[in-house]
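Written out below as structure tokens is the structure these notes cover.
The values are calculated or read from the model by the stated rules, or taken from the named source; none is laboratory data. Keep in mind that what you see is a predicted model, and the values were worked out from it rather than measured. Methodologically, a virtual Cβ is constructed for each residue, glycine included, from the backbone with ideal geometry; neighbour enumeration extends over all protein chains shown. For the accessible areas, the whole protein counts, side chains as well, though only heavy atoms, and no ligand, DNA or RNA atoms are used. Shrake-Rupley method; radii C 1.70, N 1.55, O 1.52, S 1.80 Å.
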Amino acid sequence: MSKNVVIVGAGVAGVNAATKLIDNNFDGKITIIDMGKDPYLRPYEEVMTGFLGAGGWSDGKLTYHTAIGGHLSKYTGEEKAMELMDQVIENFKRFHPKPEEVQCSNPVAEPDFIKPYFGLRLFPVWHVGTDYLHEIGKNWYDFLVDNGVEFHWETKVTDIHFHQKLVETDNIKLRFPYDTLIFGVGKSGIDFGKKLAEQYDLPTEPKPVQIGVRFEAPQKHFQKLIDISYDFKLYRKYEDKGVSLRSFCTNNNAAYVAVEETYGDISYNGHAKKDESFRNDMTNFGILMEIQDIKNPFEWSRKVVKKYQREGTGMYYSPSRTPSITSENKPISTIQVDTTHPIFKGMQPYFSYIWDFIEDMKKIFPTLKDDWGIYIPEVKYLSPEPLVNYNDLSLTNYNNVHFAGDALSARGITVAGSQGIYIAESILN
């Protein structure tokens, strides 16, 4: 059994892995290294780094289906994937100050009114509540510290020597030998994962571009669909063009657009709070476009994101509205433009697909009209995914190095946490 486990990244994958090890009386050393801050010091707006990563700090919707958020069942099989998801959900309930408020929505019927224009993916979602995530984070962190997990905060991993089994950081005094390494970086570490793949010539599987906008409008326009599926997923495919679109990460009732900073550039996401005091009767969701066959998709996405930067922030367009405020009652960081020309130009020739998506939403939600706005861009950076062994998510060339979370294209809280638990089980076995 491994006696020295080092986890790079204190996101959902790494935290669930450490929890699984502790719950099963692992008698070795567990070290977690992260660029961000612990949950007591991490400010709300610091979305990308820190305890529980991005989704575990600012989202709080746990999808409960193997077709959403990454290809977990590809590695584990359907039955095992659902078992792992159950464990992740139970962990969020376990450290939740009010676990009875964690509720599951489970739509079962696709409404006829959307069928001429969109498909609708239906699946269960557990709703934790964004405003509870920080308390969950503190409770969870205390549990890990009390059980001997050693954390190193505001520490950037600069190199990993797979042959010497050694992690180097930006602090020359902090070098970590390991028996087993879990590489669980989030979106902010994708660039570093790509560097390791090139450095060690790791076999990889290319990933498509995923880029789009964060759409925002008064909730009343979408209520008839929200009543059927709270976290609705509208989708459309243009197979002959290698393009598909989907709405995702839908936030309602107390819904706020969130600013993210990755690689120094601004993009947008969203979250929803549970507390009625935050209610603003708004809805926001991503309209994300997946584009196949783009050469160097990671670099292409970075270039497109840079085209949408204005005065150190992103862009906003609306036919009638102005940008909203954050849940802290501050203006959302964005520059409003009065024409769609720079938006179409920045994503040529692909933004027309998003525009058509919006135009068709106006047909099935007739009260929507021009009462909406978009924050540009929203992006999911997916570097080429390293090939791993299916039984434990270890690299095919280095069986003591395991990839998890966004480093393995998890794209969701539940899948990332499941991957961490799956790796921990292999360590215990």
Looking at segment 111-118, is at least one residue in contact with a strand residue (DSSP E or B) (Cβ under 7 Å, 6 or more places away or on another chain), loosely packed, with under 13 Cβ neighbours inside 10 Å, modelled with pLDDT of 90 or more and more than 18 Å from L41 (Cβ to Cβ)?
-> no
Residue within segment 268-285 that is surrounded by fewer than 21 Cβ atoms within 10 Å (Cβ to Cβ), closer than 30 Å to P349 by Cβ and not polar (S, T, N, Q) present | no
Filtering segment 202-242 down to residues that are out of contact with any strand residue (DSSP E or B) (no Cβ under 6 Å at 6 or more places or on another chain), acidic (D, E) and in a loop (DSSP other than H, G, I, E, B) yields D227
Please indicate, with yes or no, whether at least one residue in segment 209-227 is among the aliphatic types (A, V, I, L, M), more than 30 Å from K3 (Cα to Cα) and open to solvent by 20 Å² or more (accessible area, probe 1.4 Å).
-> no
Looking only at segment 174-197, which residues are open to solvent by 10 Å² or more (accessible area, probe 1.4 Å) and either in contact with a His (Cβ under 6 Å, 6 or more places away or on another chain) or of a type in the set (A, V, I, L, M, F, W, C) (or both)?
-> L174, F176, V185, F192, A197
From the option list K237, K233, single residue qualifying as open to solvent by 10 Å² or more (accessible area, probe 1.4 Å) and within 16 Å of the chain's Cα centre (by Cα) is K233
Filtering segment 370-429 for residues that are charged (D, E, K, R), without any contact (Cβ under 8 Å) to a residue 60 or more places away in the chain and more than 24 Å from G55 (Cβ to Cβ) leaves a count of 1
If only one of S324, S320 is modelled with pLDDT of 95 or more and within 24 Å of S58 (Cα to Cα), which one is it?
-> S324
Kindly establish whether E261 is at positive phi, among the acidic types (D, E), open to solvent by 20 Å² or more (accessible area, probe 1.4 Å) and in contact (Cβ under 8 Å) with a residue 24 or more places away in the chain.
-> no
Search segment 140-167 for residues being among the aliphatic types (A, V, I, L, M) and not in a strand (DSSP E or B), and hand back the single one that is farthest from R94 (Cα to Cα).
-> V149
Please work out if V125 is closer than 26 Å to I364 by Cα, buried (at least 17 other Cβ atoms within 10 Å of the Cβ) and among the β-branched types (V, I, T).
-> yes
Can you confirm whether segment 142-151 contains a residue that is open to solvent by 60 Å² or more (accessible area, probe 1.4 Å), on the phi < 0 side of the Ramachandran plot and touching a helix residue (DSSP H, G or I) at 6+ places or on another chain (Cβ under 9 Å)?
-> yes
Residues being of a type outside the set (A, V, I, L, M) and in contact (Cβ under 8 Å) with a residue 24 or more places away in the chain - total across segment 323-359 | 13
